[in-house]
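All remarks here apply to the structure that follows.
What follows draws every value from the coordinates through simple rules; no lab data is involved. The structure presented is a predicted model; accordingly, all values stated were derived computationally and were not measured. FYI the Cβ positions are ideal-geometry reconstructions off the backbone, even for glycines, and counts take in every protein chain you see.
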């Protein structure tokens with residue numbers, strides 16, 4: 001099976017190269033069959049890499065430890081679902097997974113757009129296949145997942161051998177969230193290759209209207225949605241698995257996923273200005289280039305270990321190749337951009353600084369500043385070492401101090417932007433749109449302060465969140481109320497129909513609301529408290545309105561791991577509300593002998609009670625338990641769900657457009673019917 | 001099997017120890033996390049370091065003297081954020097400088113666009129005025145995106 005996989009990879013490499021050459025040569029020679037052949041080769045790549053990935057999955061399923069990658073990331077007693085997720089649990093497999101997703105995306109793009117955009121598509125294929133070529137080359141020659149397990153003899157010559165069992169999957173990755181988090185993240189990273197490829201094709205063919213943007217709008221949104229889900233699931237995994245009480249540590253690998261998300265968000269907002277007003281064409285090109293480059297940079301950070309990270313499981317020497325590829329892709333894109341600048345002129349002018357257009361520009365500026373701050377903090381240890389010769393650390397306190405004020409300003413703009421008119425907002429409309437939201441937000445600041453929210457940034461975040469929420473609710477109400485008068489619909493019906501008639505606008509508001517809920521959850525982290533103690537059976541620890549009582553300590557033994565398991569009763573104001581089961585696990589297989597934490601969480605809309613079983617005391621009679629009181633965490637996850645729902649709404653076609661299209665089709669069919677009757 | 005871990009007993013106020021502990025990275029070399037967040041099992045560093053902070057607080061040391069002492073003892077990498085001095089000052093300044101420069105550029109571009117718009121001849125301005133009226137009327141019928 002390994003040989004089939006190996007052959008499929010080699011074939012994929014050749015076919016990808018052929019696809020690029022045939023597409024470009026076909027365009028140059030104006031040879032339609034050659035262009036079509038390039039397209040078919042691109043579709044063939046999917047079959048090749050799918051074969052390779054199926055082979056790898058099979059080798060994991062049958063625990064074939066003659067393959068180095070399988071031996072290093074699996075063991076016989078690993079549950080089957082973790083064996084499947086081991087495909088992307090290490091370097092070689094995760095890059096193969098990246099490459100496979102890219103070819104699947106490429107195939108879908110070809111099927112969807114080949115006829116509609118015949119001039120652009122050969123270039124789109126060439127750009128996507130160029131990325132695919134880099135990855136298939138990496139699969140084959142740098143990080144081949146089908147390499148044999150070898151034993152180095154005394155004279156350093158390799159001797160193939162089959163170990164009796166594998167080293168097992170890193171225990172930190174043996175978590176349900178880790179089964180789904182990397183695929184989501186990669187679907188996001190890889191997805192941005194599609195709008196990038198269209199942007200390059202648009203520049204090459206000089207078709208620089210908004211066709212490429214309209215064509216890729218849904219692709220960009222889908223990629224952005226997957227990346228959002230991936231980031232949130234990563235946070236959820238960290239919260240459940242790492243056991244330090246939080247979900248975001250500003251780790252370089254976390255930052256790697258946040259950077260393309262921030263620029264992708266700027267791009268999604270900014271393209272609206274181009275669609276509506278024909279402006280910011282150069283800017284949008286810059287944004288999509290940066291988004292794609294940041295996706296590659298994110299993969300580089302995750303996979304190379306160029307900056308020290310808790311994701312140490314992801315390190316390997318692929319950095320040089322990635323850096324070279326990023327430089328080539330960036331140089332090519334920037335050369336095209338400079339060459340095509342004369343074709344990227346604005347069709348309209350900016351009239352006022354108080355307008356929807358300029359609010360989009362400020363929103364973009366803030367998102368880019370946030371991205372730059374994250375990038376700067378992530379790479380600063382390298383810069384500092386190069387300049388001063390001494391290493392320094394850039395941890396969470398730096399990122400929080402720099403990014404929190406930027407994020408609060410972003411929340412403010414989230415509320416302001418949609419309420420400003422295009423071209424120019426008059427003082428009257430400003431007063432009409434902002435008076436009540438501002439009054440309600442400021443008025444709510446007083447009770448928030450009296451309730452004990454004295455942390456300035458947390459207070460300001462909540463006040464801003466209320467401001468934005470009021471503006472969003474007002475927008476829905478205003479539109480729905482007008483509909484109820486005109487159509488006689490109930491308010492709920494009117495809201496639903498209003499949303500369906502303009503899914504992009506109202507889906508956008510829902511996304512903004514999701515972002516606000518998420519932000520409220522983040523603000524709550526300013527009030528996290530914890531307590532720690534040694535507990536014998538019957539002992540208690542109190543934190544705020546909660547008390548935990550140690551009821552039982554037991555040992556659990558499974559084929560995969562053994563665990564110390566505590567049973568803890570949780571009381572709220574003296575009334576029992578839950579049983580919690582924190583664990584300390586010791587996995588049996590492999591290289592990681594370090595125990596892992598399985599926290600137990602009682603979650604409500606108000607707060608989480610997060611119980612960590614730290615271990616036993618030296619005399620073995622007591623358990624050391626840490627309890628965190630984490631306010632509002634649930635809103636981070638709810639906000640994430642709302643954000644995804646909003647994106648799905650925005651992806652729906654407008655009812656208005658569907659009705660228009662239907663009437664167009666009917667009016668075309670009518671004459672035929674008449675002719676038929678005649 | 002009860003897995004054994006080092007007990008953490010702190011004489012000083014727990015919250016104060018946490019506040020100062022967040023200014024440092026655990027030097028265990030495994031987690032690269034904040035001192036207060038390093039909870040990996042069997043860590044030989046975080047417990048003693050937190051106890052050291054507690055002891056220094058009990059002695060009446062100031063935050064700054066604890067920070068200086070730790071930086072001297074464990075090296076500058078123990079600090080969780082770059083020091084606000086020398087070249088490392090650029091870590092703090094650059095993001096905000098970039099934001100301010102970006103903001104000025106946005107204002108500059110908007111103003112430049114506006115001045116071009118104002119330079120439109122008078123006749124065109126009249127047309128623009130009527131156009132605006134038409135658009136305002138249209139807005140009553142078409143919801144704005």
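Peptides A:492-501, A:625-634 ranked from most to least packed, by the mean per-residue count of other Cβ atoms within 10 Å: A:625-634, A:492-501. Distance between the pseudo-spin-label points of residue A:485 and residue B:112 (7 Å out from Cα toward the beta carbon): 4.4 nm. Once divided by 2.2 N^0.38 Å, the Cα radius of gyration of the range A:405-450 becomes 1.35. Inter-chain neighbour count for B:96-103: the average number of beta-carbon atoms from partner chains within 10 Å of each residue's beta-carbon is 5. When each of the peptides A:2-10, A:383-391, A:93-101 is scored by how many other beta carbons lie within 10 Å of its residues on average, the order from highest to lowest is A:93-101, A:2-10, A:383-391. Averaged over the residues of peptide B:19-26, the number of Cβ atoms from other protein chains lying within 10 Å of each residue's Cβ is 2. Derived from the Cα gyration tensor, the three semi-axes of the equivalent ellipsoid of chain A are 42, 39, 23 Å, largest first. Peptide B:84-95 has a mean shielding of 5, counted as Cβ atoms of other protein chains within 10 Å of each residue's Cβ. Could you tell me which of rounded, prolate or oblate describes the range A:84-132, using a ≥ b ≥ c as the square roots of the eigenvalues of the alpha-carbon gyration tensor, with rounded for a/c under 1.5 and, failing that, prolate when a/b is larger than b/c and oblate otherwise? In terms of gyration-tensor shape, oblate.
An oblate overall shape is assigned to the range A:137-289, the ratio a/c of its alpha-carbon gyration tensor axes (a ≥ b ≥ c) being 1.5 or greater and a/b not exceeding b/c.
Packing around the peptides A:369-376, A:525-532, taken as the average count of other Cβ atoms within 10 Å per residue, puts them in this order, highest first: A:369-376, A:525-532. When shorter helices are ignored and each DSSP H run of at least 4 residues is given -39500 (n - 2.57), the per-residue value for chain A at 222 nm works out to -22000 deg cm²/dmol.
What's the FRET efficiency of residue B:89 with residue A:152 using the Cβ-Cβ distance as r and R₀ = 45 Å, to the nearest 0.05? Calculated transfer efficiency: 0.40. Shape class of the range A:325-439 from the Cα gyration tensor (axes a ≥ b ≥ c, square roots of the eigenvalues): oblate, since a/c reaches 1.5 or more and a/b does not exceed b/c. Remark: the residue A:31-residue A:81 segment gains 13.2 nm on full extension, using 0.36 nm per residue and subtracting the alpha carbon distance. Each residue, residue A:114 and residue A:435, gets one label point 7 Å from its Cα in the Cβ direction; the gap between the two is 6.0 nm. One quarter of the convex hull surface built on the alpha carbon atoms of the range A:12-108 amounts to 6.6 nm², the projected area averaged over directions. The coefficient of translational diffusion for the range A:166-217, derived via Stokes-Einstein from the alpha carbon Kirkwood radius under 25 °C and 0.890 mPa s, stands at 179 µm²/s. With q set to 0.17, 0.20 Å⁻¹, the log10 of I(q)/I(0) for the range B:22-84, from the Debye formula over equal scatterers at the Cα positions, is -0.54, -0.74.
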